[in-house]
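Working notes, beginning with the structure itself.
The values are calculated or read from the model by the stated rules, or taken from the named source; none is laboratory data. Just so you know, these numbers come straight off a predicted model, no measurement behind them. Cβ placement follows ideal geometry from the backbone for every residue including glycine, while neighbour counts extend to all protein chains displayed. To get the accessible areas, we keep the full protein, side chains included, count just its heavy atoms, and leave off ligands, DNA and RNA. Shrake-Rupley method; radii C 1.70, N 1.55, O 1.52, S 1.80 Å.
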12 protein chains.
Amino acid sequence: MPDHVYKVIELVGSSTTSSDDAIRNAIERASKTLKHINWFQVVETRGHIQDGKVAHFQVVLKVGFRLED
Amino acid sequence: MPDHVYKVIELVGSSTTSSDDAIRNAIERASKTLKHINWFQVVETRGHIQDGKVAHFQVVLKVGFRLED
Amino acid sequence: MPDHVYKVIELVGSSTTSSDDAIRNAIERASKTLKHINWFQVVETRGHIQDGKVAHFQVVLKVGFRLED
Amino acid sequence: MPDHVYKVIELVGSSTTSSDDAIRNAIERASKTLKHINWFQVVETRGHIQDGKVAHFQVVLKVGFRLED
Amino acid sequence: MPDHVYKVIELVGSSTTSSDDAIRNAIERASKTLKHINWFQVVETRGHIQDGKVAHFQVVLKVGFRLED
Amino acid sequence: MPDHVYKVIELVGSSTTSSDDAIRNAIERASKTLKHINWFQVVETRGHIQDGKVAHFQVVLKVGFRLED
Amino acid sequence: MPDHVYKVIELVGSSTTSSDDAIRNAIERASKTLKHINWFQVVETRGHIQDGKVAHFQVVLKVGFRLED
Amino acid sequence: MPDHVYKVIELVGSSTTSSDDAIRNAIERASKTLKHINWFQVVETRGHIQDGKVAHFQVVLKVGFRLED
Amino acid sequence: MPDHVYKVIELVGSSTTSSDDAIRNAIERASKTLKHINWFQVVETRGHIQDGKVAHFQVVLKVGFRLED
Amino acid sequence: MPDHVYKVIELVGSSTTSSDDAIRNAIERASKTLKHINWFQVVETRGHIQDGKVAHFQVVLKVGFRLED
Amino acid sequence: MPDHVYKVIELVGSSTTSSDDAIRNAIERASKTLKHINWFQVVETRGHIQDGKVAHFQVVLKVGFRLED
Amino acid sequence: MPDHVYKVIELVGSSTTSSDDAIRNAIERASKTLKHINWFQVVETRGHIQDGKVAHFQVVLKVGFRLED
């Protein structure tokens with residue numbers, strides 16, 4: 001295995017359903033334009049509240065992908 | 001939009017079901033006595049264990065609401 | 001109540017289903033060999049991505065248990 | 001000097017003008033309802049952007065005040 | 001045990017005697033106006049110095065209490 | 001409101017005048033090439049010193065913008 | 001002196017008396033089963049409150065000991 | 001360019017006017033006794049409040065200067 | 001010197017040889033597609049282990065480069 | 001009150017007796033050579049262990065003192 | 001691939017030669033008694049100084065290994 | 001062993017060769033003017049890049065030395 005280099009970007013996914021879905025939404029959006037996505041890491045979980053209820057979960061995450069040589 | 005001021009309080013919600021529900025429980029309890037609740041931010045996720053299983057998820061969160069002028 | 005001493009260990013649970021399940025998997029594995037497990041605390045949530053989707057949620061957690069005297 | 005006890009609350013001030021003004025706005029709003037406000041400490045500086053320009057500076061700050069005995 | 005919600009406030013206790021006493025002073029002052037106080041957590045230990053000696057220990061702490069339903 | 005995804009990038013703005021201007025310079029430069037810029041968050045404030053005076057304020061900031069679907 | 005390797009474990013000591021005693025209790029319990037204990041490092045100080053008073057100081061600490069070759 | 005060594009000291013500047021001025025005041029005081037001052041880095045922004053207004057901005061900063069060989 | 005704006009990206013370099021080489025590999029890969037690369041900052045050092053030996057050093061680093069006006 | 005500038009230094013005090021005494025020892029040593037010492041702030045509490053007991057408490061602390069104009 | 005559980009332990013390796021060697025020494029010592037060691041992560045790099053020279057590099061690291069089911 | 005007091009200073013060493021050499025350079029420079037230097041601790045590793053290559057490793061480190069009584 002050669003000495004790969006990876007890039008890490010920061011995304012915020014949102015979901016009205018769950019914090020896990022906010023992660024999945026961000027990953028699926030990223031995979032439309034990036035190849036070789038490899039791992040993610042949650043940086044922060046937050047959300048908006050409307051009428052006394054959670055309206056959106058928002059998850060800030062780092063996403064790592066391998067750069068082609 | 002005028003120069004609003006917000007207050008941020010720290011709550012701990014708990015749930016036997018899921019960490020997302022622990023968040024929702026804290027928000028709904030807070031909305032009984034506070035108006036203009038606007039956002040939340042997870043500070044820590046922890047829980048109690050009984051008989052080798054997760055008995056409660058406990059989520060520490062900050063909750064922000066607008067102060068009336 | 002006497003002056004108990006607790007030990008805290010660090011585990012990583014994984015799950016293809018949800019981040020809460022990754023926590024539960026780590027706790028249940030730990031309870032096979034440890035008695036008096038008492039609380040957990042999430043250190044980090046991360047995961048692997050395959051084919052543009054979350055393949056595994058991985059949750060790093062601290063788990064505390066009481067030492068026998 | 002007796003052994004005073006202080007309370008610390010978290011506020012977010014906003015200003016269209018400057019980050020220092022966001023601090024001043026939060027302090028002045030707090031002083032409407034609290035006596036003996038003594039110090040502040042900046043937790044985070046953030047802001048909203050509209051049309052490619054800073055629309056609001058938002059400063060999260062802790063504010064400490066002495067509790068009456 | 002139902003799904004309780006707790007509130008966490010930040011206090012600063014001071015003492016001319018010891019850092020543990022600064023904690024005790026803050027807790028005892030808080031218990032005058034709050035019920036169901038449950039735990040504390042030290043955020044920071046600091047103090048004032050006069051004539052080359054520690055004049056006050058000051059301990060910043062978080063104090064958690066259960067909200068009534 | 002659909003489940004938006006945002007990207008967060010890190011910039012360093014500099015200014016000979018003030019730390020707020022260093023923020024504004026970074027935002028205005030970013031808005032030349034990015035649409036839907038929404039918020040910023042200060043990561044660090046630093047600067048260069050020449051002849052015993054502040055020559056440049058340098059502000060490291062995160063800037064978030066919505067990705068188009 | 002050869003190139004030693006040390007292991008670091010995390011313990012929580014508790015004491016009804018003082019935070020220093022909570023440290024001592026954890027160390028003494030650890031020394032029943034471990035040899036070559038060398039240093040400790042406080043990670044967090046917390047405690048339980050009963051009837052408006054500190055019932056237990058709890059100190060989370062890391063304890064380092066040399067592994068035999 | 002040879003392998004320089006720098007020293008970093010921590011200062012607190014204060015100003016009744018602005019947080020940027022608190023930085024400038026600390027730098028100018030330091031430059032009275034130190035040569036080769038090169039950069040600063042803000043550690044914390046805080047301040048005193050009197051009569052419900054910001055009386056002083058206080059900025060804790062690290063200041064780096066090159067040591068002569 | 002005008003008020004430059006810099007962008008900071010996060011990379012992970014890997015090397016079978018040393019942690020410094022992991023840094024160099026990431027920088028050299030980045031310089032294939034970016035101009036004006038100026039500084040780096042190590043965020044984390046980690047690695048993979050195979051057969052009880054370090055197989056790869058992996059260094060997460062931030063890399064800053066000047067944006068053209 | 002003019003715009004004072006303070007310097008902050010880092011010390012480690014040790015004591016065979018208690019962590020508070022380790023703080024006092026550091027302050028008293030510092031006051032032999034420094035005037036206008038004003039405050040301290042605990043950075044870390046650690047210690048050495050001998051024969052299964054705490055041999056020394058070691059407290060790392062920052063000490064602030066006003067610079068003369 | 002099933003839902004594995006990993007354990008993470010903290011070690012300190014030392015070396016008179018280099019910080020990378022301190023890592024390697026800790027890993028090789030750990031592999032004497034543990035199977036399935038998988039990754040490491042540097043927590044802190046420190047060292048002892050004798051006669052004005054680095055006598056030992058000491059690297060605190062976390063080491064992760066898979067638990068057997 | 002009496003209750004020693006130590007001072008901790010922050011230095012930045014640089015080296016064109018390696019990050020370990022940047023540490024050694026800082027220690028050796030410090031030992032020209034300080035006695036009883038005892039330990040160091042790495043705060044941050046960074047560097048300058050020229051022509052797409054690492055030009056200097058720069059290591060920020062804390063250095064502790066015993067104060068004479």
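If the condition is being within 14 Å of chain C (Cβ to nearest Cβ), touching a Gly at 6+ places or on another chain (Cβ under 6 Å) and open to solvent by 20 Å² or more (accessible area, probe 1.4 Å), then segment B:23-69 contributes B:Val54, B:Gln58. The C-beta contact set for segment I:1-25 (first residue over 19 Å from A:Val5 (Cα atoms), second residue part of a helix (DSSP H, G or I) and of a type in the set (Asp, Glu), distance under 9 angstrom, 6+ apart or interchain) comprises I:Asp3/F:Asp21; I:Val5/F:Glu28.
Under the condition of being within 30 Å of F:Thr17 (Cβ to Cβ) and of a type in the set (Ser, Thr, Tyr), the residues counted in segment I:1-49 number 1. The residues of segment B:23-34 that are over 11 Å from A:Val54 (Cβ atoms) and outside any loop (DSSP other than H, G, I, E, B), listed by number, are B:Arg29, B:Ala30.
Candidates are the residues of segment I:1-22 that are open to solvent by less than 50 Å² (accessible area, probe 1.4 Å) and within 30 Å of F:Phe57 (Cβ to Cβ); the one that is farthest from the chain's Cα centre (by Cα) is I:His4. Counting the residues of segment D:35-52 that are in a loop (DSSP other than H, G, I, E, B) and either among the hydroxyl-bearing types (Ser, Thr, Tyr) or more than 23 Å from E:Val43 (Cα to Cα) (or both) gives 3. Among the residues of segment K:23-69, which ones are among the acidic types (Asp, Glu) and within 15 Å of the chain's Cα centre (by Cα)? Hits for segment K:23-69 are K:Glu28, K:Glu44.
Looking at segment G:3-20, is at least one residue touching a strand residue (DSSP E or B) at 6+ places or on another chain (Cβ under 7 Å), closer than 28 Å to K:Ala26 by Cα, away from chain J (no Cβ under 14 Å) and part of a loop (DSSP other than H, G, I, E, B)? Checked against the condition, which is being touching a strand residue (DSSP E or B) at 6+ places or on another chain (Cβ under 7 Å), closer than 28 Å to K:Ala26 by Cα, away from chain J (no Cβ under 14 Å) and part of a loop (DSSP other than H, G, I, E, B), segment G:3-20 yields at least one hit. For segment J:8-32, what are the residues that are touching a Leu at 6+ places or on another chain (Cβ under 8 Å) and basic (Lys, Arg)? Scanning segment J:8-32 gives a single hit, J:Arg29. Residue check: is B:Arg66 within 30 Å of D:Lys32 (Cα to Cα) and touching a Phe, Trp or Tyr at 6+ places or on another chain (Cβ under 9 Å)? Yes; evaluated as a whole, the condition is true for this residue.
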